[in-house]
Amino acid sequence: MTTTQTDQTFMEAALAQAQKSYDEGGLPIGSVLVSAAGEIVAQGHNRRVQDGDPTAHAEVVCIRNAGRRRDWPELTLYSTLSPCVMCTGTSLLFRIPRVVIGENENFMGAEKLFTNEGVELVNLQHAGCIALMKKFIEQKPDLWNEDIGL
C-alpha cells in the first residue's frame, strides 16, 4: 500500500497526541489505532513521565485504551516515532498487520522485527513529527536518554 492522504490525516491525530504529552511535560510521542473502516478506535500518548510508569509508551497506552477486541488483525497502528522493541512486540502480539510511523530520523526502533514478521511498515518522514521530537531531544536530553536507556 502506498502512502495516502488518509495516512497523513491519521498521523496528524497521532501528532496531536504527541503534542499533548509534550505539553504535559512528557515525551512527545503519540499513537492512534484505526479500523479497516477508517475510524479511530483508540488513541494514546507517552505517559511514562506523567505516570511514573516505564511501560507507558504511546503505542502501549493506545493499545490499552482499545480494550478487549477481536479485530486486531484488521487495524492499523500509527505512531509518531519508530516504535521501540517493547511497542513493536506489543503490536506483534496482537497481530496488527500495518504500522505507519511518523519518522525514524530521531530514533530507529525495532523496524526489522516488523518486516521479519510480514507487517506492512510505512514511514511518512513527517516534518511535524521530526521537528517536535528534535526540539524535545534538544530541550531535555537527560529525559530522552533515560527513556531510551542511555
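We did not get these values from a lab; they are worked out from the coordinates using the rules stated. Just so it is clear, the structure is predicted and the values come from calculations on it, not from any experiment. Note: ideal-geometry Cβ built from the backbone for every residue, glycine included; neighbour counts use all protein chains shown.
With θ set to phi - 60°, apply the Karplus curve 6.51 cos²θ - 1.76 cosθ + 1.60 along segment 68-73 and write out the HN-Hα couplings as whole Hz, x wherever there is a Gly or Pro.
6, 9, 10, 9, 3, x
When the Kirkwood hydrodynamic radius is evaluated over all pairs of different C-alpha atoms of segment 10-54, what value in angstrom, to one decimal, is obtained? Walk me through the numbers before you get to the answer.
Numbers: mean 1/r = 0.0941 Å⁻¹.
Taking every pair of different Cα atoms in segment 10-54, averaging 1/r and inverting gives 10.6 Å.
In degrees between 0 and 90, to the nearest 10, how far off the longest principal axis of the chain does helix 127-139 point, with axes built from Cα atoms?
Around 30 degrees separate the two axes.
Which trypsin sites (Lys or Arg not before Pro) does segment 1-97 hold that lie in a coil by DSSP with at most 16 other beta carbons within 10 Å? Spell out each step's value before the answer.
Values: sites: LYS20, ARG47, ARG48, ARG64, ARG68, ARG69, ARG70, ARG95; in loops: ARG47, ARG68, ARG69, ARG70, ARG95.
Listed in order of number, the matching sites are ARG68, ARG69, ARG70, ARG95.
Consider all pairwise Cα distances in segment 6-114 and report the whole-number % of them above 17 Å. Mind showing how you got there, number by number?
On the way: 2700 of 5886 pairs.
Roughly 46 percent, once rounded to a whole number.
Which lysines does LYS20 reach when only Cα atoms under 27 Å apart count, and residues fewer than 8 places away in its own chain are ignored?
LYS134, LYS135, LYS140
Considering amide H positions built from the backbone, and no H for Pro or chain starts, which residues 5 or more places from VAL100, or on another chain, come under 5 Å of its amide H?
Close amide H contacts, sequence-distant or interchain: LEU77, TYR78, SER79, VAL122.
Quick check: the angle from helix 5-23's long axis to the longest principal axis of the chain, C-alpha only, nearest 10 degrees?
Roughly 30 degrees, rounded to the nearest 10.
Return the long-range amide H neighbours of GLY109 (sequence gap of 5 or more, or a different chain), with a cut-off of under 5 Å between placed amide H atoms.
SER82
Please find, in a Gaussian network model of the chain (springs between Cα atoms separated by less than 10 Å), the residue of MET108, MET133, MET11 whose mean-square fluctuation is greatest.
MET108
Step through the residues of segment 55-64 one at a time and calculate ³J(HN,Hα) from phi using the Karplus curve (6.51 cos²θ - 1.76 cosθ + 1.60, θ = phi - 60°), rounding each to whole Hz and writing x for Gly and Pro.
9, 7, 6, 4, 5, 5, 4, 4, 5, 4
For the chain, the longest stretch holding no GluC sites (Glu not before Pro) located in a DSSP loop with at most 14 other Cβ atoms within 10 Å is which? Don't skip to the answer; put the middle values down first.
Values: sites that count: GLU24, GLU39, GLU105, GLU117.
With a cap of 14 other Cβ atoms within 10 Å, the longest stretch comes to 40-104.
If the chain between ALA13 and ASP53 were fully stretched, how many nm would it gain, using 0.36 nm times the residue separation less the Cα-Cα distance? Show your work: numbers first, answer last.
Values: separation 40, 0.36 × 40 = 14.40 nm, distance 2.34 nm.
Additional length available on full extension: 12.1 nm.
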